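Chemist: The structure under discussion is supplied below as structure tokens; questions concerning it will follow.
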Protein chains: 4
Amino acid sequence: MPDVIAETLHELIVATRILANEKVLDAFGHVSVRHPHDPQRYFIPRHRAPELAEISDLVELTLDSEPVRPTEFRLYSEKVIHGEIYKARPDVNAVVHHHAHTVLPFAISGREIVPVFHLAAVVGPVPFWDQRDEFGDTNMLVTKPDEGASLARALGRNWMVLMRRHGATVAATGIRELVFRTVFGSDNCKLLSQAMAMGHVDSLSPGEIKLTSAHQQRPPSTNRAWDYWVRQVEKAGLMPAKAKAGAKKSAASPKRAAAKPARKTAVKSRSKKRR
Amino acid sequence: MPDVIAETLHELIVATRILANEKVLDAFGHVSVRHPHDPQRYFIPRHRAPELAEISDLVELTLDSEPVRPTEFRLYSEKVIHGEIYKARPDVNAVVHHHAHTVLPFAISGREIVPVFHLAAVVGPVPFWDQRDEFGDTNMLVTKPDEGASLARALGRNWMVLMRRHGATVAATGIRELVFRTVFGSDNCKLLSQAMAMGHVDSLSPGEIKLTSAHQQRPPSTNRAWDYWVRQVEKAGLMPAKAKAGAKKSAASPKRAAAKPARKTAVKSRSKKRR
Amino acid sequence: MPDVIAETLHELIVATRILANEKVLDAFGHVSVRHPHDPQRYFIPRHRAPELAEISDLVELTLDSEPVRPTEFRLYSEKVIHGEIYKARPDVNAVVHHHAHTVLPFAISGREIVPVFHLAAVVGPVPFWDQRDEFGDTNMLVTKPDEGASLARALGRNWMVLMRRHGATVAATGIRELVFRTVFGSDNCKLLSQAMAMGHVDSLSPGEIKLTSAHQQRPPSTNRAWDYWVRQVEKAGLMPAKAKAGAKKSAASPKRAAAKPARKTAVKSRSKKRR
Amino acid sequence: MPDVIAETLHELIVATRILANEKVLDAFGHVSVRHPHDPQRYFIPRHRAPELAEISDLVELTLDSEPVRPTEFRLYSEKVIHGEIYKARPDVNAVVHHHAHTVLPFAISGREIVPVFHLAAVVGPVPFWDQRDEFGDTNMLVTKPDEGASLARALGRNWMVLMRRHGATVAATGIRELVFRTVFGSDNCKLLSQAMAMGHVDSLSPGEIKLTSAHQQRPPSTNRAWDYWVRQVEKAGLMPAKAKAGAKKSAASPKRAAAKPARKTAVKSRSKKRR
């Protein structure tokens, strides 16, 4: 059982590095995963740029986005995005919130995202959410449980929700599906905007979305893409060290992890890889 | 004779790495070459991201896209694209199917691709094919021989065919011509879309296409470009090891190759090159 | 006290490398910081491409942009941009002048920049300045105190000013805030232009700008982004050596620093880092 | 005297690497320089991708684009572009012919290039030339002296000429001015096309062009930019070995140079630099 958790935490960090390397995440944004054995909890890094997050930076939160154990870590102010979606959607096991430059023009212009090529069928319909509608002028961050719950309602039964003047949140049944949907969802936005500039957009039919989505969510497809993105992360010198039996410990006792200069370690392991 | 095959398989992998490095291929897409001595067969990698494919991943298929020898490898579900084009076009010896971001806006908008600068004269006319027209709602993959044959008919006597909401397939008389046509065809789409945004497009005349295409398909031109792209692959640390006499063996006995951790080997050979 | 100065000069060079690495600066542009102990002085590199500037290239200038000590260094012809803004705005402690490709289309088209996503709230209103209005045909460089003062008046109480057919100048209360505002201001222009192409732009409300800007200028936000950009600079092999106690000396005695082959040293320290 | 030639040839190769690294040149295009002591001759690499050209690949041609000494090297089919411009313009000492993706949309759409920011003032007016006008359908390459002379006439007293459906040719009084004009001319096209998409373009006045161009062509400006681009070439591992006294020899006796495996040497010197 500890192995499953260690594997999950490692995969979460790899997913985060992939999404950073694919330019979906930059200094901001965050990725989380539901606890594989306890659906009332989830793992997410402490407050830092996602590319820099290590396994030792992961904290375990309840679905109210409270730390399971006391921690000195600063946490993401928008962690409720994750907690409230996990509450509302028992079928969701992984969530990313991001501000990808491919997606933001749609969040700014209010133009609808529709799947326009087969690999983006997994995105499906993408509803809008405007924090201003329900909460008026705010600091535009989803920091209160009510705000997170409102966003989760806007997401509904879908897998991606656009946040006006802010970004997007994507959900999935697992980490690899999440990365697949997020990267090809980002590609879809880039391609859609270019087709829009050409004056005509031909989108997938409902039947095509259903059949193609089912096919692309199967492991041969998500794994083939995962292996490719992992290779890109390796080439960029960003691959985290493989999970060990002890890995769970650091997530469970963040205080001790905090005492270690996590960042220095990361730099060292990277330079080793480069040789 | 074995040297010709080894050289061909090596060139196929180099071509694949070039097209990955030039961002024509990503996690998906595939490149194949007709058997240099047996026109009823072709070589194509097993099911994996093209950048990761090694010579030991190549399988030999009949034109019905069946493995010549039993193999435990998973094969590309769209291999019939290659087999059916080789059947219909004896003059074609190399094929690539891809979803380049430069080309997809045309597959989505339905706007016509025309050659707009001299290096893209080799692309020629580009017909459309819509899987939906003949087969209705599908999972959008070209997996059945009938679907492949339909695509080959749409290609006709041309060298490139656009697949609506999906991608493109490019053919050539040889591997280097294929890479030349694919890369400059991709550049052409990028430049054409930018000229379209400026409100006017001046395309090559039929006479210019004929004369320029003939010139650019000659070895001095395709080899000069090939050498340049190879250098870019070398700089990216992606060059596969040179073909040896034994190389044919791995393609001929995929089972044994499968037993080897092909990927690990690749990583090792790359890091060596980096030093 | 010397430590504060050494830290400030080091941070100035890191900021410069970040803005070069993020493609805001190229061969041209410059970053300065007000003297931490003497508000009548500021530090800025000698005349060279910002990415190449070392701590030993920094000179100390009065607010009239005259060297505090005699120097053989060639200085930026546009240093008055910095001096005149420091004069007019006691609350400003860091300034960058740049020609980022994201921002220039607005300087050329005259279209207004408005904040369109939360991270760009810190940009606020962006006035225009046209050197031609007051000075007629010039060599388009802001080289005279009068020209600098005119630009400072156009900036007014804002934090960014667009210079027609030229570029932009950004101000901040400190170095990290400057980098945050400059990078996300650049991102904002890129995203805004893409939304404009989609035919509709939804910008932040005045209330959202006020609340969001206040939040994003707090250290947890600017430091998180700073750490991310520093990591990118490290990955690019561009991180300058850490400030030492002696660092102030080189800025104070530029003649001696000039005698050292500053550039060679830089290259060496980089290649060391790469190993 | 031999030192001047060796320095010139080295600078020509550095300029070529800069323009390759800045994505102005790819597999095609070429850069030349007039002989510093004999205005009736010029140096240009043999037929190969410009990034791959070494000093030992340089050949010396007459203004009729004939080799001064017998050579076994294949030469660029478009060398007459260079020879005919050197004939027509005694003030021109360096020429580049390229197909930069920033410039080509103008060559395809026929929209006029105008300088839109100060650093591009050095580009000046850019006339069009259409090979089809005078020569009808061709293979679109400028291979005959008549074609080169026609292009030189279209260039006239200007410094850049657009070639319809083909590319551009840029001239300068020296190598560093050529690189400056070419890179910022390319940037200008990118920025101009983005401003065009915004619906308004504000270009430099004739007075601004004159004053700004004079300033930017002075050594402090061209050298500052040159040093920056050289640093980028160094970072990319593309810097050629420094010219030695013997360098002139290889250009003077290409046969002997051809016997050496020029390419292998280049790769070796690069990997050395990387360590």
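The values are calculated or read from the model by the stated rules, or taken from the named source; none is laboratory data. Predicted, not measured: the structure shown is a model, and the values here were computed from it. So basically every Cβ, Gly included, is an ideal-geometry build from the backbone, and we count neighbours across all protein chains shown. When the accessible area is computed, the model is the full protein with side chains, heavy atoms only, and any ligands, DNA or RNA have been set aside. Shrake-Rupley method; radii C 1.70, N 1.55, O 1.52, S 1.80 Å.
Chemist: Just to check, using Stokes-Einstein with a Kirkwood Rh over alpha carbon pairs, what's the diffusion coefficient of region A:34-89 at 20 °C and 1.002 mPa s in µm²/s?
Modeler: Rounded to a whole number, D works out at 188 µm²/s.
Chemist: From the helices alone, meaning DSSP H stretches of at least four residues, give me the mean residue ellipticity at 222 nm for chain C, per-run term -39500 (n - 2.57), in deg cm²/dmol to the nearest 500. Write down the numbers at each step before the final one.
Modeler: Numbers: 11 runs with 127 residues, N = 275.
Roughly -14000 deg cm²/dmol at 222 nm, from the helical runs in chain C.
Chemist: On to the next question. Take every Cα-Cα pair in the protein assembly as shown and report what % of them are more than 42 Å apart.
Modeler: Within the protein assembly as shown, distances greater than 42 Å cover 42 percent of Cα pairs.
Chemist: Using mean Cβ contacts within 10 Å as the protection proxy, how do C:115-121, C:234-240 order, highest first?
Modeler: C:115-121, C:234-240
Chemist: Every other copy gets compared here: list the nm distances from the B:Asn158 label point (7 Å along Cα to Cβ) to its counterparts, shortest first, one decimal.
Modeler: Nearest first, the other copies' label points are 3.5, 3.5, 4.9 nm away.
Chemist: More than 15 Å apart: what percent of Cα pairs in region B:157-230 qualify? Could you put the intermediate results ahead of the total?
Modeler: Working: 1754 of 2701 pairs.
Beyond 15 Å sits 65 percent of the P(r) for region B:157-230.
Chemist: Compute the separation of the alpha-carbon centres of region B:56-97 and region A:52-111 and state it in Å as a whole number.
Modeler: Here the answer is 44 Å between Cα centres.
Chemist: First compute the accessible area of the protein assembly as shown with a 1.4 Å probe, then give the percent of it belonging to carbon and sulfur atoms.
Modeler: C and S atoms contribute 52 percent here.
Chemist: Per the Debye formula with a single identical scatterer at each Cα and no solvent contribution, what log10 I(q)/I(0) holds for region A:112-166 at q = 0.23, 0.24, 0.26 Å⁻¹?
Modeler: Rounded to two decimals, the profile gives -0.87, -0.92, -1.02.
Chemist: Strictly greater than 33 Å: what percent of every Cα pair in chain D meets that?
Modeler: 19 percent
Chemist: Output the peptides C:58-71, B:13-26, A:153-166 sorted from most to least packed, where packing is the average of other Cβ atoms within 10 Å over each peptide's residues.
Modeler: B:13-26, A:153-166, C:58-71
Chemist: What is the set of long-range amide H partners of A:Arg41 at a cut-off below 5 Å, with H atoms built 1.01 Å from backbone N?
Modeler: Result for A:Arg41 returns A:His35.
Chemist: Only Lys, Arg, Asp and Glu count, each charged at its Cβ (+1, +1, -1, -1), so figure out the dipole size of the protein assembly as shown about its Cα centre, rounded to 20 debye.
Modeler: Magnitude of the dipole: close to 5720 debye.
Chemist: Hey, could you pull the Cα Rg and Dmax for region B:90-234, both in Å?
Modeler: 15.4, 46
Chemist: Once you've got the Cα coordinates, tell me which of D:Lys23/D:Lys242; B:Lys23/B:Lys210; B:Lys79/B:Lys144; C:Lys23/D:Lys190; B:Lys235/C:Lys235 are over 20 Å apart.
Modeler: Distance filter (> 20 Å) returns D:Lys23/D:Lys242; B:Lys23/B:Lys210.
Chemist: Could you work out the mean count of beta carbons from other protein chains within 10 Å of each residue's beta carbon in A:17-30?
Modeler: 2
Chemist: In peptide A:227-237, how many Cβ atoms from other protein chains are near each Cβ within 10 Å, on average?
Modeler: 4
Chemist: Can I ask one more? Taking the dipole about the Cα centre of region B:141-233, with the C-beta of Lys and Arg at +1 and of Asp and Glu at -1, give me whichever of B:Met160, B:Leu204, B:Phe184 is farthest to the positive side.
Modeler: Of B:Met160, B:Leu204, B:Phe184, it is B:Met160.
Chemist: So what are the ³J(HN,Hα) numbers for region C:164-169, from phi and the Karplus equation (6.51, -1.76, 1.60; θ = phi - 60°), rounded to whole Hz, Gly and Pro as x?
Modeler: After applying 6.51 cos²θ - 1.76 cosθ + 1.60, I find 4, 6, 9, x, 8, 10 Hz.
Chemist: Right, another one. Which one of A:Ser77, A:Asn21, A:Ile44 has its Cα pushed farthest toward the positive end of the charge dipole of region A:1-112, where Lys and Arg give +1 and Asp and Glu give -1 at the Cβ?
Modeler: A:Ser77
Chemist: Using a 1.4 angstrom probe, figure out how much accessible area region C:46-155 has per residue, in square angstrom, rounded to the nearest whole.
Modeler: 32 Å²
Chemist: Identify, for chain D, the residue whose C-beta comes nearest the rotation axis onto chain A, and round that distance to whole Å.
Modeler: Nearest Cβ to that rotation axis, in whole Å: D:Ala197, 4.
Chemist: Can you give the Kirkwood hydrodynamic radius of region D:1-107 from its Cα pairs, in Å with one decimal?
Modeler: For region D:1-107, the Kirkwood estimate is 14.0 Å.
Chemist: How large is the convex hull of the C-alpha atoms of region B:41-173 per residue, in Å³?
Modeler: 118 Å³
Chemist: Can you give the Rg and Dmax of region A:1-56 based on its C-alpha atoms, in angstrom?
Modeler: For region A:1-56, the Cα-based Rg and Dmax read 11.4, 34 Å.
Chemist: For chain A, which DSSP H helices look membrane-span-like by this rule: Cα extent along the axis of 18 Å or more and mean Kyte-Doolittle of at least 0.5?
Modeler: On the way: long enough: A:2-21 (28 Å, 0.70); A:175-197 (33 Å, 0.36); A:219-235 (23 Å, -1.44); A:262-274 (19 Å, -1.82).
Helices meeting the criterion: A:2-21.
Chemist: Summing both sides, how much accessible area is buried between C and A? Use a 1.4 Å probe and give Å² to the nearest 100.
Modeler: 3600 Å²
Chemist: Over the whole of D:186-198, what's the average partner chain Cβ count within 10 Å per residue? Rounded to a whole number, please.
Modeler: 6
Chemist: Regarding region B:197-243, what whole-number volume in Å³ per residue does the convex hull of its Cα atoms give?
Modeler: 131 Å³
Chemist: Run the label-point distances for A:Asp133 please: 7 Å along Cα to Cβ, every other copy, nanometres, shortest first.
Modeler: For A:Asp133, the inter-copy label distances come out at 4.0, 4.0, 5.7 nm.
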